[in-house]
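In what follows, a structure is listed as structure tokens, so that the remarks can point back to it.
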Amino acid sequence: MKKSKNHKNVKVIIIVAVCLAFVVGIGAGVGAGRYFLDKKEQKTDAKTENAKPEHTSQNGSDVVKGEADSKDDGENADANSSKGESSKGDNSKDRADSTDPNQNDGKANEQNQGTDNQGQAAVTSTYDASVPADDKAVHRYEYIISDATWQEAFQDCLNRGGYLVRINSSDEYEAIRKEISRQKMTDIYFRIGGRRDSQSKDYYWVNEENKLFGEKLNSDSSWCSEEWMKGEPSFQDGNLEEKYMDLFFFDGEKRFVWNDVPDDMLKAESAYSGKLGYICEYEN
């Protein structure tokens, strides 16, 4: 049986209508989706706008600060302030430590100078102007041969009841020279009771307390100025200090002479062994 032409047209129209409805539905769905997406994005932007941080300018640059950053910056500012105060303290210490070294050296020099002055003051003269002058009389003398030092000879004469001889006149000296020659002791170097202080070049006789007193023995105006060996006293022989007196017969000048010598002559020259002695003087 043959279908009618109208019936075919109706089917075509229905198919077309269905397709159009399908297309319209899809379009409506897409439009609705975009509408809701736009709404959501607007809400998100609104929230973001409200949460925007503050902007401050430092050295011409924009710095973004959130709330947490602001707190951190506040704490950092406090910390920097504390560091600043600490730095001030450190700088003060540095300034104190960097005091001019010359100034410190000056203080040290002043202290050292004070110490030196005290040391010089401690080396006082042993001269005693209150000791009365010796008489010029000729006394009794003892001639002792011994390798003793000057200090030992001085003490031994005191122990014997006398003192290391002090020669105060030409007559007394003449008597002593004659006795030495008579006893054939002209090869002996005799210690006598004269010395000087280390810081001085003035020779004097010493009393029983080993104090210097009386007239200066190496003065040009002294009665004994010509009794010294030529070129003596010399005060020193090389590195050896000489500050004690002795007398001996000097072949080079064919006479008895006075000389200054060290305390321990054997220490200076062992060849003197057996040729040393001293003279004790007694007033009773």
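Any idea what the alpha-carbon Rg over 2.2 N^0.38 Å comes to for the stretch 159-238? It is 1.17. Looking at this model, which pairs from Lys254/Lys275; Lys201/Lys230; Lys216/Lys243; Lys243/Lys275; Lys216/Lys267 are more than 23 angstrom apart at the alpha-carbon? With Cα atoms farther than 23 Å apart: Lys216/Lys267. An oblate overall shape is assigned to the stretch 121-178, the ratio a/c of its alpha-carbon gyration tensor axes (a ≥ b ≥ c) being 1.5 or greater and a/b not exceeding b/c. Once the Cα-Cα distance is subtracted from the 0.36 nm per residue extended length, the Gln183 to Tyr282 segment shows a gain of 33.8 nm.
Considering only Ser225, Ile279, Met265, the residue lying farthest towards the positive end of the dipole of the stretch 216-281 is Ile279, judged by Cα position with unit charges set on Cβ. The amide H of Met245, built 1.01 Å from its N in the peptide plane, has Ile192, Gly194, Val261 as neighbours under 5 Å, considering only residues 5 or more places off or on other chains. Annotation: amide H of Phe256 within the under-5 Å range of Phe250, sequence separation 5 or more or interchain, hydrogens built in the peptide plane. Largest accessible area first, the listed residues Thr126, Thr149 line up as Thr126, Thr149 when surface is computed with a 1.4 Å probe on the assembled protein chains. Within the stretch 128-284, the ratio Rg/Rh, alpha carbon atoms throughout and Rh by Kirkwood, equals 0.92.
The values are calculated or read from the model by the stated rules, or taken from the named source; none is laboratory data. Everything numeric here is computed off the predicted structure, so don't read it as measured data. So basically every Cβ, Gly included, is an ideal-geometry build from the backbone, and we count neighbours across all protein chains shown. Note: areas computed on protein heavy atoms with side chains; ligands, DNA, RNA excluded. Shrake-Rupley method; radii C 1.70, N 1.55, O 1.52, S 1.80 Å.
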